[in-house]
Amino acid sequence: MTSVHELIRGAAEREAAGRPSAAPHRKPIVLRATGASSCDSGLVKDPWAIDRDPGYGPGASLADEIPRSAPRQGPLPARYTDAGDDELRQWIVDAKAALGDRVQILGHFYQRDEIIEHADFVGDSFMLAQAAKSHPEAEAFVFCGVHFMAETADILSDAHQAVILPNLAAGCSMADMATIEQVEDCWRELTAALGEAPGPDGRQPVIPVTYMNSSAAIKAFCGRNGGIVCTSSNARTVLEWAFERGQRVVFFPDQHLGRNTAKAMGISEDLMPLWRPHLALGGNTIEQLEASRVILWNGFCSVHKRFTVAQIEQARSEYPGVRVIVHPECPAAVVEAADGAGSTEYIRKEIEAAQPGDVIAVGTEINLVNRLQEQHPELTIFCLDPVVCPCSTMYRIHPAYLAWTLESLLAGEEPNRIRVADSVAEDSRVALERMLAARP
C-alpha cells in the first residue's frame, strides 16, 4: 500500500513539474495533497444525474437507509445543466451583484470551493444559525448546506425572510437516523420507566438534548419537553445546562458526539447505555436506565465513522511529531488517540495557530481538509482516511443549482423555499434559543 508520505511527496513532485493538481468540480473529489481517489466512482456524475435516484447517492452515506419521505429535487432547466464552469460562475456573480444585500448566501465549511467562493458567510452549523438570526435586513437566505440547516435558518429568521435550499436532495443521513415517531416512542418508554416527577433536588428524571443534525420536529420535541439543541461547538456547555435541570440526558441522534462530550466531562461509558429504537427500552434494562447519566441514540455520521485508530498510528509512524485533530463525531477510540478534537471551527483555528513546517493530520470531511491545505501551503495537512469518501449530500449543492436559485430569486420566484410549520417552529425556537444562549 502506498503510504501517506509517498503520496504527498509524489503530489509535490508533480506540482514542481508543472502538472495541474486540482481537478474540475465535475470530477471525483480527491485529497489534493495526495491525489488519493474517491470511495465511489459515481461521484464523477453531476448531481442532477442522481438526485431522483433512491438513496443518498455516491459517497459516505451510500449504505445508509434513507426515509421514503426524504425530499427529491426536480430537474434543472437545460440552460444550467448544459453550461460550462465559467458560464455558471459568471451567472452567479452577475445575479448576486444584482440582488445585492437583499440575499445572503450561507456556506457550510463542507461545501465545495466553487460554492464557498460566493458565500457571504462561511462556518459550521452553529455559526450559520447565528448568521441567519443576526441579519434581519435580508429578504432571503440561500443556504448552501443540508436540509436540517435550512430548517433551522427558517425557524430563527424573521417571517418575511425566505430560506432557500438550492438542491432539495441535500439531506443528512445522521439526521434521518432519528424520526419524530421513534423519538416520541422512546420518550414514552423512558417516562414510564423513570417517572415524570422531579427528584428531591428538583431535577427532572431526564432532559432531551438533540444535536443540530436533526429534524425541526425533533428540535420542537426538545423545546416542549424542557430540552435543548447543541452543536459540536457548544455540546459540553449544553450538557452542563441539562445536568443542572435533569438527573440524566437522552441525546439524539449522534451517539459519538454525546459519548465523547460526556467522557470529557468525567462520565464513564458504563453510565451511557445505547438506545436502539427498534428494541424495547432501546435494548436496555430498567436498572441500566436508572443508573444512566447519558442515554445515547444509536446514530452516527457516515463520514466521521470512517476514521480509525489504525489511521492515526499510520500517520504517527510516517510523521513523528504529527499533530492529529479530529471531529467529535468520530468514534471515542479515535478521539482519545488524537491530540485534539472539536468542531469544524475548532479544527480551522488549530491549523491557523500552527507553525510553518508543522504536519497536521485531520479527521473530518474532505472539502474542508482540501481548503485548509490550499490556504496553508506552509503546513503539511492531510486527511487521515486514505480513501476519500465525502458527505454524500453536501456535495450536491453544485454551482448549477446556485446559479438557478439566484436567477430565480432575481426573477421574483422562490424556488425550494424551506418552510417549517408555525407550530413546529415555535417549540423548535425555544430549544434553539437555549442553544444560542449556551455559549462555550
The residue from Lys96, Lys133 that alone is more than 24 Å from Gly226 (Cβ to Cβ) and basic (Lys, Arg) is Lys96
Original post:
Residue check: is Ala178 closer than 22 Å to Asp64 by Cα and of a type in the set (A, V, I, L, M, F, W, C)?
Top reply: yes
Within the stretch 160-203, the residues that are touching a helix residue (DSSP H, G or I) at 6+ places or on another chain (Cβ under 9 Å), among the β-branched types (Val, Ile, Thr) and surrounded by fewer than 17 Cβ atoms within 10 Å (Cβ to Cβ) are Ile180
Practice item. Return a yes/no flag: does the stretch 382-394 have any residue that is closer than 26 Å to Ala132 by Cα, in a helix (DSSP H, G or I) and over 18 Å from the mean Cα position of the chain (by Cα). Key: no
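Restricting attention to the stretch 25-73, and to residues there that are among the basic types (Lys, Arg) and not assigned by TED's automatic domain parsing to the domain that holds Thr405, which single residue is surrounded by the most Cβ atoms within 10 Å (Cβ to Cβ)?
Step one: list which residues in the stretch 25-73 are among the basic types (Lys, Arg), which gives 26-27, 32, 45, 52, 68, 72.
From the residues that got through so far, the ones that are not assigned by TED's automatic domain parsing to the domain that holds Thr405 too are 26-27, 32, 45, 52.
Working: Arg26: 15, Lys27: 11, Arg32: 22, Lys45: 15, Arg52: 11.
Per the stated criteria, the residue is Arg32.
Yes or no, residue by residue, for (1) within 30 Å of Leu379 (Cα to Cα); (2) assigned to a loop (DSSP other than H, G, I, E, B):
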site	(1), (2)
Ile29	yes, yes
Gly42	no, no
Ala60	yes, yes
Ser69	no, yes
Gly74	no, yes
Glu87	no, no
Val93	no, no
For Met435, state whether it is buried (at least 22 other Cβ atoms within 10 Å of the Cβ) and closer than 20 Å to Gly171 by Cα.
no
Expected output for the stretch 393-419 (first residue touching a residue at least 40 places away in the same chain (Cβ under 8 Å), partner acidic (Asp, Glu) and surrounded by fewer than 17 Cβ atoms within 10 Å (Cβ to Cβ), Cβ below 7 Å, 6+ apart or cross-chain) is His398/Asp46
Only unsatisfied item for Pro253, checking (1) touching a residue at least 40 places away in the same chain (Cβ under 8 Å); (2) under 24 Å from Pro200 (Cβ atoms), is (2)
Restricting the stretch 160-206 to residues that are touching a Gly at 6+ places or on another chain (Cβ under 8 Å) and without any contact (Cβ under 8 Å) to a residue 60 or more places away in the chain, the one nearest to Gln255 (Cα to Cα) turns out to be Pro205
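Tell me which residues, restricted to the stretch 154-191, are within 30 Å of Gly283 (Cα to Cα) and within 18 Å of the chain's Cα centre (by Cα). Even if it seems obvious, please write down each step before you answer.
Narrowing the stretch 154-191 to residues within 30 Å of Gly283 (Cα to Cα): 171-191.
Result: Gly171, Cys172, Ser173, Met174, Ala175, Asp176, Met177, Ala178, Thr179.
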Worksheet item: Just a yes or no: is a residue in the stretch 421-429 in a loop (DSSP other than H, G, I, E, B) and surrounded by fewer than 24 Cβ atoms within 10 Å (Cβ to Cβ)?
Response: yes
Reported set for the stretch 341-353 where residues are over 18 Å from the mean Cα position of the chain (by Cα) and surrounded by 17 or more Cβ atoms within 10 Å (Cβ to Cβ) is Glu350, Ile351
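The values are calculated or read from the model by the stated rules, or taken from the named source; none is laboratory data. Since this is a predicted model, take the numbers as computed values, not measurements. Cβ atoms come from the backbone with ideal geometry, glycine included; neighbour counts cover every protein chain shown.
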